[in-house]
1. Between Asp446 and Ile290, what length in nm is gained on full extension when 0.36 nm per residue of separation is reduced by their alpha carbon distance?
2. Place +1 on the Cβ of every Lys and Arg and -1 on the Cβ of every Asp and Glu in the chain, take the dipole about the Cα centre, and give the residue among Ile217, Ser197, Gly237 whose Cα lies farthest towards its positive end.
3. Using the structure shown, select from Lys55/Lys292; Lys55/Lys162; Lys292/Lys400; Lys325/Lys374 the pairs with a Cα to Cα distance greater than 23 angstrom.
4. Given +1 on the Cβ of Lys and Arg, -1 on the Cβ of Asp and Glu, and no further charges, what dipole in debye does the range 239-383 carry about its Cα centre, rounded to the nearest 20?
5. Counting each DSSP H run of 4 or more residues in the chain as -39500 (n - 2.57), what helix-only mean residue ellipticity at 222 nm follows after dividing by all residues, to the nearest 500 deg cm²/dmol?
6. By how many degrees, 0 to 90 and rounded to 10, does the Cα axis of helix 404-416 deviate from the longest principal axis of the chain?
7. Residue separation times 0.36 nm, minus the C-alpha to C-alpha distance between Asn352 and Val391: what's the value?
8. Charges on Cβ only, +1 for Lys and Arg, -1 for Asp and Glu, centred on the Cα centroid of the range 389-461; of Ala397, Ala442, Ala417, which one is farthest towards the dipole's positive end?
Amino acid sequence: MLQYTERKKSDNTICSYTAFSHRKEAQTRVTVMEEKIVINGGNPLRGSVSISGFKNAALPIIVATVLTGDVCVLENIPAIRDVEKALEILEAMGASVRMIGRTTVEIDTANVEYGTSPAALVSKLRGSTYLIGAELGRFGKAHVGWPGGCDIGNRPIDQHIKAFEALGATVSTDNGFIDVTAPEGLKGNSIYFDTTSVGATANSILAAVLAEGVTVIENPAKEPHIVDLANFLNTCGASITGAGTDVIKIKGVNKLHGCTYSIIPDMIEAGTFMIAAVATGGRVRVDGVIPKHMDCLSAKLEEMGATVEEIDDSLIVSCLERPEKTNVKTLPYPGFPTDLQPQMATLLCLANGVSHVTETVFENRFKYVDELQKMGAKVRVDGKTAIIEGVDQLSGADLKAIDLRAGAAMVIAGLAASGTSSIYNISSIERGYDNIVEKLRALGADIKKTYVAPAEQAAIS
Ligand code: EPZ
């Protein structure tokens, strides 16, 4: 006989099935239960949703606090697992971290020590790459385990290494660690990126702000989160100009000090809700956004027949008719964001006509297509392009969240489909979306989280 018991233990729910053997003694097998998202689709999303702080701005800025050796207060931090992990890493390195409410954190990095980031945690997120630039900038050397991140391509760091070497450092990548040394100190220099890289641009800024002399970065990433990182560092006393343009100039300074800084809103979360509004034939106001950051998506949605109305720091998105087909090509900012590609492709599965989605940023970001096909989507991948023939209706199914943004796309598919969808591996979604189930339920979605029984878990693994 299995008896299900559940007890809350700190922030984990340890649930246990107690099996009573024939000898009447209890054997307890403690299993940390997976959760799944269950959606009964078909409800149009209606209402307003407040957008959280931007994961991809919060991560480099949290790590950049290491450069100050001082106290920083970061506001509008998203309450998501990747941020929790980044803060855990800093604590393990000697920082003191104090949450002030749900979305403000105070970080004192005075006692942070070089080379002490836990490799097991570092391997869980791509944002760990920023530890290299921050350690190098502060200590003149870095010792960091290999970073993780979504499995959407091979995720090299050759451009990061190119930047560090241009500043006079030597890099080795043996035994699963990245070691960077600069015995003569870091010297400002020109850096020209062969490929536009958010991570490499951010890391070169982190390494250069305390270097001797001037660094000029050409062909940098121009994403809003690069601008946010530069603004944060300038608030700490750095001298960075040109972030968000084709040339970034950094004059090295001797020291940085702590500050209070508010993270920009998450353009990818906002875009996810905007696409969900169109996919469900609803009307949603996304609040607390920077409309300029959404321009490319807004234009695409209007091309498809949706209306996007801008009012101060809100966008109202509605689509009462079936959306029309369109073509999308992902590009570095200000082009169409690769992080909205799975969500947009899902919407196009319901559009009138045949659409093409071309992924130019990552080599392997269409793995979620198999999941959509389970729902009746007519989509096939030919090289870098998905060819999508819109259908009238998707049908609910058991789906797997393959990675963060693919998982968000499965949620959109479930919301728009008829019938019930269960989405598994939802921890990958919770890495980057703050309270997504609660936010969608408040917009009228029939959605909930529930536990996955071991037998069910075994079946889907
Ligand atoms: C950041 O990843 C984001 N992650 C990704 O978001 C986002 O998709 C990506 O930027 C592009 O916008 C974080 O900010 C934590 P890149 P990053 O370096 O920095 C190639 C999400 O869903 N490249 O801009 O790793 C690389 O292979 C995640 O929130 C090199 O060739 O991305 C890719 O093809 C997923 N050499 C392209 O550049 C390098 O040294 C863009 O990568 C570095 C990158």
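FYI, it's all coordinate maths here, none of it is from the lab. Owing to the predicted nature of the structure, the values given are computational and were not obtained by experimental measurement. Counting neighbours? That spans all protein chains shown, and the Cβs are built from the backbone with ideal geometry, glycine included.
1. Residue separation times 0.36 nm, minus the Cα-Cα distance, leaves 53.3 nm.
2. Ser197
3. Beyond 23 Å: Lys55/Lys162; Lys292/Lys400.
4. 360
5. Numbers: 15 runs with 134 residues, N = 461.
Per the formula, -8000 deg cm²/dmol.
6. The angle comes out at about 30 degrees.
7. On the way: separation 39, 0.36 × 39 = 14.04 nm, distance 0.74 nm.
Once the chain is fully extended between Asn352 and Val391, it gains 13.3 nm.
8. Ala442
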